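The values are calculated or read from the model by the stated rules, or taken from the named source; none is laboratory data. Please read these numbers as outputs of a predicted model, since none were measured by experiment. All Cβ positions, glycine included, derive from the backbone under ideal geometry; neighbour counts span all protein chains shown.
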Amino acid sequence: MGRTAQFEDAKMNMIPADTTLEAARKQIEILRKMSPEKLALISFELSDNVRQNAIAGIKKLHPDFTDTQIKMELLRRMVGDELFREIIAAKGLK
């Protein structure tokens, strides 16, 4: 299989299971017509949505957490346990 075919296969693997190939192609077509600024705005909005969903999940699992504890847990989830421990140690927390 050539590089182009491998690239096309990789792109097809990124299509969500609940999305048809036709819908995915249309979405890509629309995204390619957008300005870099519009794409950046969409990326920021998606990032904010993911962060808000994560915070909601943390609050549901830990209703007793303070705002600081929620932020700490969000950071731990974002960077992973090892880096989180390094950050905590470097800041002299816990």
(message) Of everything in segment 57-73, what is surrounded by 10 or more Cβ atoms within 10 Å (Cβ to Cβ) and either over 19 Å from Gly92 (Cα atoms) or under 20 Å from the mean Cα position of the chain (by Cα) (or both)? Give them in sequence order.
(response) Gly57, Ile58, Lys59, His62, Phe65, Ile70, Lys71, Met72, Glu73
(request) State yes or no: is Glu29 more than 30 Å from Ile15 (Cβ to Cβ) and either assigned by TED's automatic domain parsing to the domain that holds Met14 or over 18 Å from the mean Cα position of the chain (by Cα) (or both)? (result) no
(message) Can you tell me which of (1) modelled with pLDDT under 90; (2) part of a loop (DSSP other than H, G, I, E, B) is the one Asp9 doesn't meet?
(response) (2)
